[in-house]
Amino acid sequence: MKILFLDNSSLTPMEGDFCIDNKTGIFAKELHSLGNEVTVYGQKVVTVDTTHSYKLKENDIKVVGLNRRKNKLLNYFLLYVRIIPEIIKNDFIYIFYPTAYKFVPFLCWCFRRRYGLYIRGMQGIDDRVSHWNYKNAYTIFTVSDYFSSHVNQVINQKLAHTIRPMIPFTDKDIVTDRVYKVKQKFTILFLGRLDRDKGIVELLHAIKALNDKNYSLELNLVGDGSFMQEVKKIVKDLELEDIVNIRGAVFDLNRIKKFYIQADVFVLPTYHEGFPRTLYEAMIFGTPIITTFVGGIPALMENRINCIEIKPKSIESLLKQLEFAIRNYDNMISFAKNGTTTVSKILNPNRLSHAKHLSKIISNECKS
């Protein structure tokens, strides 16, 4: 099966190859290992602020795309024109959604090519174009039961499937015997893309307020992105250099595990999400969670059961719940243990991976 794959992020030129996000690259590689010919399509963007580390050509994944142009309208016009021959020569088109390629499903329909959607977030999923895209899709996958139920209700049929989490950890990595030690400093972890929409600004101001109240704490920011320089400026302006550690992007799984294990709490003050992999990871390693309840998060997370809820864009909410976590850590440990139970059910080893589930559907039926 020839699969044309459209991730919503750019292709990053690197050392004669093109790189994408690691977990997305692993997904593409697994599709390839299942006997499919995979081509990744996108715009090629040179940047130094990137979390892209997975080399496509090195892993036998084909790459087709165009260099980004300054004129945004021209850029997307050319990308739509260039994709037409790729749609024609491939058997199936798989689109990460919401996406800049929102009208590609219409092109697929015009050229009688089946397509699938992988719905990862809230933005733009309920407009008329998206509803048309759902109704004409061959198959749909989503990051949570919340999104699957929503899409199935829109199209009035059970077409959407919830994926097994696309994370590099399995049920064998779940920590059931974590020892929670009292430390001199209360350690807070944020791990993810450094972006304003992740609530980084509010988090830093909440840390400033806690510091002013003489709490002994530190914050580890693990990640990279276009907001990095602004983060550094805010840390300096708030005089938080001594307690905020900007770690940059980390790809080594042992280091990632160590950050979770050493953290007293994981904080995700994001404005919008599908269902973030970092919540799965925090539960796997028994790290108490403080998170907003946006997108698909409330479908799995329960306030004061397996996490603590905070309001989006609210420094006050962050401050209040971080203080609660510090002063009532026994409660946080209890929530974390419930999180372990939650994630154990999600990582059932009998569930097919995203790539295997997709490959099974299209190989069994798309040949008709």
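The values are calculated or read from the model by the stated rules, or taken from the named source; none is laboratory data. None of the values given here were measured: they were computed from a predicted structure. Here Cβ is always computed from backbone atoms with ideal geometry, including for glycine, and neighbour counts include all displayed protein chains.
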query = If Ser149 satisfies every condition in (1) without any contact (Cβ under 8 Å) to a residue 12 or more places away in the chain; (2) over 20 Å from the mean Cα position of the chain (by Cα) but one, which is the exception?
reply = (2)
task = Only helices (runs of 4 or more DSSP H) wholly contained in region 300-368 count here; list those with 3 or more residues that are polar (S, T, N, Q).
result = 329-346, 354-365
key: Close pairs from region 114-126: first in the same structural domain as Ile87 (by TED's automatic domain parsing) and aliphatic (A, V, I, L, M), partner at pLDDT 95 or above and part of a loop (DSSP other than H, G, I, E, B), Cβ under 9 Å, at least 6 apart   = Leu117/Ala137
ask   = Residue check: is Phe96 under 23 Å from Ile163 (Cα atoms) and either at pLDDT 90 or above or part of a strand (DSSP E or B) (or both)?
value = yes
query = Got a sec? Which of Ile167, Ile163 is at pLDDT below 95, surrounded by fewer than 21 Cβ atoms within 10 Å (Cβ to Cβ) and not aromatic (Phe, Trp, Tyr)?
reply = Ile167
inquiry  = Quick check on my filter: what residues within region 164-202 are in contact with a Gly (Cβ under 9 Å, 6 or more places away or on another chain), closer than 22 Å to Ile26 by Cβ and of a type in the set (Val, Ile, Thr)?
reply    = Ile174
ask   = Which of the residues that make up region 181-200 are in a loop (DSSP other than H, G, I, E, B), surrounded by 14 or more Cβ atoms within 10 Å (Cβ to Cβ) and touching a residue at least 60 places away in the same chain (Cβ under 8 Å)?
value = Gly192, Arg193, Gly199
query = In region 250-286, what count of residues is obtained for those that are out of contact with any Asp or Glu (no Cβ under 6 Å at 6 or more places or on another chain), among the β-branched types (Val, Ile, Thr), buried (at least 16 other Cβ atoms within 10 Å of the Cβ) and outside any loop (DSSP other than H, G, I, E, B)?
reply = 4
message = Just to be sure I understand, how many residues within region 136-145 are outside any loop (DSSP other than H, G, I, E, B) and surrounded by 19 or more Cβ atoms within 10 Å (Cβ to Cβ)?
response = 4
The lone exception for Thr176 - which of (1) within 16 Å of the chain's Cα centre (by Cα); (2) surrounded by fewer than 20 Cβ atoms within 10 Å (Cβ to Cβ) it fails = (1)
Region 1-17, residues that are over 17 Å from the mean Cα position of the chain (by Cα), farther than 10 Å from Val40 by Cα and either without any contact (Cβ under 8 Å) to a residue 60 or more places away in the chain or not in a loop (DSSP other than H, G, I, E, B) (or both) = Lys2, Thr12, Pro13, Met14, Glu15, Gly16, Asp17
inquiry  = Filter region 18-57 down to the residues that are assigned to a strand (DSSP E or B), within 18 Å of Phe92 (Cβ to Cβ) and among the hydrophobic types (A, V, I, L, M, F, W, C) and list them by number.
reply    = Val38, Val40
inquiry  = Which residue is nearest to Asn338 (Cα to Cα), if the candidates are limited to region 152-180 and must be among the β-branched types (Val, Ile, Thr) and not in a loop (DSSP other than H, G, I, E, B)?
reply    = Thr162
message = Considering only region 296-319, I want to know if a residue exists there that is under 17 Å from the mean Cα position of the chain (by Cα), without any contact (Cβ under 8 Å) to a residue 60 or more places away in the chain, surrounded by fewer than 24 Cβ atoms within 10 Å (Cβ to Cβ) and farther than 21 Å from Lys23 by Cα.
response = yes
note = Filtering region 34-76 for residues that are without any contact (Cβ under 8 Å) to a residue 12 or more places away in the chain and not charged (D, E, K, R) leaves a count of 4
Subset of region 235-268 [of a type in the set (Lys, Arg), over 16 Å from Leu194 (Cβ atoms) and in contact (Cβ under 8 Å) with a residue 12 or more places away in the chain] = Lys257
query = If Cys110 satisfies every condition in (1) within 23 Å of Gly296 (Cβ to Cβ); (2) surrounded by fewer than 17 Cβ atoms within 10 Å (Cβ to Cβ); (3) of a type outside the set (Phe, Trp, Tyr) but one, which is the exception?
reply = (1)
key: Some residue of region 270-279 being of a type in the set (Lys, Arg) and in contact with a Phe, Trp or Tyr (Cβ under 8 Å, 6 or more places away or on another chain)   = no
request  = Output the residues belonging to region 200-247 that are among the small types (Gly, Ala, Ser) and in contact with a helix residue (DSSP H, G or I) (Cβ under 8 Å, 6 or more places away or on another chain).
outcome  = Ala206, Ala209
